[in-house]
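The values are calculated or read from the model by the stated rules, or taken from the named source; none is laboratory data. Bear in mind that the values here come from a model prediction, so they are computed numbers and not experimental data. Here the Cβ positions follow ideal geometry from the backbone for every residue, glycine too, while neighbour counts run over all protein chains shown.
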């Protein structure tokens, strides 16, 4: 039987309990639907009442453009070495270790219009027994990225037809300010190299999520 969204909800719920905070990772190549899936999961699981599921994107750990310029990496923003992977792994560890305290943990966010990280933008309240985190490199095992997977209870891989993934990604770049030709060049250049790297980690995932598992209204995003 094909995986359904209800199956995903049940599997996410099953990760929690035993007086600890669970952390679910969602990965996949750029444009594969990671953020969309995470947002739908968090919304459906929380429902009415006090939120018990938090969404912490990996994108908040982008290095700022000024630092990328200093390092000479600005022209390939989005590659593994343009993130603070050690900082991301440390936050995941803190989220697990500090469950049960009365303190809100703050994670950085990412402002799409500015294409810059924002410190302290994502609150994880003490009531959050499940954290959903998503990003490209959750299953990468090189350098500091190798510290990420041990801090995640499960990692799901979003799979999407390549032509559709490219179409969505071009549209996203256009939405946030790139001209069409510039968007296509970026998607088929730096983004393609990153996508190939992420695709190679697919076999390490606990679950591969097809686009048909998302709610119908979100499948064209």
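Numbers for the structure displayed
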item	result
In the range 173-191, residue surrounded by the most Cβ atoms within 10 Å (Cβ to Cβ) [restricted to those that are at negative phi and outside any helix (DSSP H, G or I)]	178
Search result, residues across the range 114-138 that are part of a loop (DSSP other than H, G, I, E, B), closer than 20 Å to residue 97 by Cα and more than 16 Å from the chain's Cα centre (by Cα)	125, 126, 127, 128, 129
Qualifying residue in the range 139-159 (condition: over 30 Å from residue 94 (Cβ atoms), at pLDDT below 95, in contact with a helix residue (DSSP H, G or I) (Cβ under 6 Å, 6 or more places away or on another chain) and not in a strand (DSSP E or B))	no
Residue that is in contact (Cβ under 8 Å) with a residue 40 or more places away in the chain and either part of a helix (DSSP H, G or I) or closer than 23 Å to residue 137 by Cα (or both), where the choices are 108, 2	108
Residue 32 within 18 Å of the chain's Cα centre (by Cα), over 16 Å from residue 96 (Cα atoms) and not in a helix (DSSP H, G or I)	yes
Unique match (being surrounded by 14 or more Cβ atoms within 10 Å (Cβ to Cβ) and either in contact (Cβ under 8 Å) with a residue 60 or more places away in the chain or in a strand (DSSP E or B) (or both)) among 95, 91	95
Candidate set from the range 64-78 (those that are part of a loop (DSSP other than H, G, I, E, B) and free of Cβ contacts under 8 Å to residues at least 24 places away in the same chain); member that is surrounded by the most Cβ atoms within 10 Å (Cβ to Cβ)	73
